[in-house]
Amino acid sequence: MNGLEPLTGEPLALDLLNTLPYAAQGPPVDHLADAAGLRAWLDLEAERLPADTAAREVSPDDAAAVRAVRTHAALAVAAARRGERPPASALRGLNEAQLAAPAVRYAQWQGDAVVATVRRTGPLGVRVAAALAEEVVGLLVDPELGKVRECEADDCTLLFLPAHPRRRWCSAARCGNRARVARYYRRHKDDGPQGHRPDGPGQDA
Ligand SMILES: [Zn+2]
């Protein structure tokens, strides 16, 4: 991992928030700043998004629609994590994003049985924004929201839902090792050039 790829693998709503600009390891990067960024992120999340968002061309408007939902999500989730009432405009934004492309169970006869496929209609960005808004609302009403943590690295704002209570970093490769190396050099900075350093900063698991 080079620190430039968006973090994925958390609940989809957190993965969305983790595309926001943050400063760890360099200048802040917005992974959804443009159409190419959104396309790359949709590819990373392909397994968790509706199949009809795969391998389609993405426009700047699509990216703008997803960024708009992300803004509402960030405000709503931040307030809810503090146990506070989210801004009305943020909740309205999440609801309106879903209303713009509601999920419908399309019934179709296929050979010898009726099959149902969940579909949304509209431009790709509007459909993706609706699906993501639904995920965000799911997180807002989930008791697990209280367990969501921000990475402990000073310059990192990535969010994660720890499977283990001792998890401190968004990822070991991204921030865990950096923190370990920084700790090591802080501990040994007075050793001088001949200082004996048998343990080395090593690697976090
Ligand atoms: Zn981090």
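Take the Cα of Glu84, step 7 Å toward its Cβ, do the same at Glu144, and the gap between the two points is 2.6 nm. Largest GNM mean-square fluctuation across Ala64, Ala130, Ala46, computed for the chain with C-alpha springs under 10 Å, falls on Ala46. When peptides 11-20, 53-62 are sorted by average Cβ neighbour count within 10 Å, with the highest value leading, the order is 11-20, 53-62.
By definition, a body whose alpha carbon gyration tensor gives a ≥ b ≥ c is oblate when a/c is 1.5 or more and a/b is not larger than b/c, and the range 12-148 fits this oblate description.
Computed with a 1.4 Å probe over protein heavy atoms only, the accessible surface of the chain comes to 57 Å² per residue.
Taking Val181, Val77, Val29 in turn, the Gaussian network model of the chain (Cα-Cα springs below 10 Å) assigns the largest fluctuation to Val181. When the chain is treated as a Gaussian network with alpha carbon springs shorter than 10 Å, the biggest mean-square fluctuation among Ala182, Ala173, Ala131 belongs to Ala182. Considering only alpha-carbon pairs that sit under 8 angstrom and 6 or more positions apart, the relative contact order computed for the chain is 19 percent.
In the range 39-64, whose amide N lies under 12 Å from the spot 7 Å out along Cα-to-Cβ of Arg119? List them in ranges. Counting backbone N atoms under 12 Å from the label point, the list is 52.
Sites listed here are GluC sites (Glu not before Pro) in the range 83-153 whose DSSP assignment is loop and whose Cβ has at most 12 other Cβ atoms within 10 Å: Glu84. Shown for the chain: the carbon plus sulfur share of the solvent-accessible area, taken with all protein chains present and a 1.4 angstrom probe, equals 53%.
The values are calculated or read from the model by the stated rules, or taken from the named source; none is laboratory data. Worth saying up front: this structure is predicted, and the values here are computed from it rather than measured. All Cβ positions, glycine included, derive from the backbone under ideal geometry; neighbour counts span all protein chains shown. Side chains are part of the model used for accessible areas, which takes the heavy atoms of the whole protein and leaves out ligands, DNA and RNA. Shrake-Rupley method; radii C 1.70, N 1.55, O 1.52, S 1.80 Å.
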